[in-house]
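**Q** Before we start, here is the structure in question, set down as structure tokens.
The values are calculated or read from the model by the stated rules, or taken from the named source; none is laboratory data. Keep in mind the model is a prediction, meaning the values are calculated, not measured. A quick note on method: Cβ atoms are made from the backbone with ideal geometry, for glycine too, and the neighbour counts reach across all protein chains shown. We work out accessible area using only protein heavy atoms, side chains counted, and drop any ligands, DNA or RNA first. Shrake-Rupley method; radii C 1.70, N 1.55, O 1.52, S 1.80 Å.
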Amino acid sequence: MNWKNFICGSALSILLFSCGARQEINYMKDIENVALDNSIKNSRVSLQPGDQIIITVTAKDMDVVKPFNQVYSSSNTVAQYSVPSSNNLPQQIPVSGPTYNVDTDYNITFPQIGKINVKNENIEAFKVKLTDLLRTYIKDPVVDVKLTNFRVSLLGEVAKPGTYIVPDGNATLLSVLGLAGDLTSYGVRTNILIVRNVDGQFTKEKIDLTSAQFINSPYYYLRQNDVIYVQPNANREKSARVDPNTGIYISVASVIASLVIGVLALTKN
């Protein structure tokens, strides 16, 4: 056997395999060709039954606003995650305040005012609505509203799978992937599965991160309890089926091959 040709051929095969297995990992290659205006209308998520919101009211005369701020314990905090910028890691942010639950009829019960319906309203719209209602009782009220339990789950080939609570429900697919440390090198970027529960009905959508068109999808802006699954590529699935002792076997085989080659060399001499 011509060992030189064998080794060169093997090296070439490994190189070709590596090149063939390489994935395209760039996101939104054609973003310059996509109009982002269509995505703006989906950027604000409506409040849903089961949402928990913190509402605080302030004004110049704080004695006047006291009846509109229900008593709460500052020890009851919620850990939310900040969306990372650049290479910074997401940070947990403790949040606390007077908390209200959205009931099954999309109502909250607010001090002095009573039931307020929030159906089809996002955080910003609700702030405007509540501010207008409070002007009857308070001069120049300032209303702050935070959504405390907006959570999404990331599974599969991401660096840090898990469930994340996002501040104010301001979550896009890209921002929560950032919270999870982005996809691993084994994640399929052209087939991201998003599962969504809308009024008890489950829907699903597959997203191609390599195309900017996904920004116009109603699934780009995430909703409460969305589940994102990143599928492993063929290399990951193949490695998962391989015997965990394969590396040992290869090492042993390499040692044996080296000994055989050494013996052949000695016999020739």
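**Q** Confirm whether Pro141 is touching a residue at least 60 places away in the same chain (Cβ under 8 Å), surrounded by 15 or more Cβ atoms within 10 Å (Cβ to Cβ) and not hydroxyl-bearing (Ser, Thr, Tyr).
**A** When the stated conditions are applied, Pro141 passes them.
**Q** Given Lys129, Lys115, which one is more than 12 Å from the chain's Cα centre (by Cα) and assigned to a strand (DSSP E or B)?
**A** Values: Lys129 fails: assigned to a strand (DSSP E or B).
Within the list Lys129, Lys115, the selection yields Lys115.
**Q** Please work out which one of (1) under 16 Å from Leu222 (Cα atoms); (2) open to solvent by 10 Å² or more (accessible area, probe 1.4 Å) is the condition Ile113 fails and give its number.
**A** Ile113 satisfies all of (1) under 16 Å from Leu222 (Cα atoms); (2) open to solvent by 10 Å² or more (accessible area, probe 1.4 Å) except (1).
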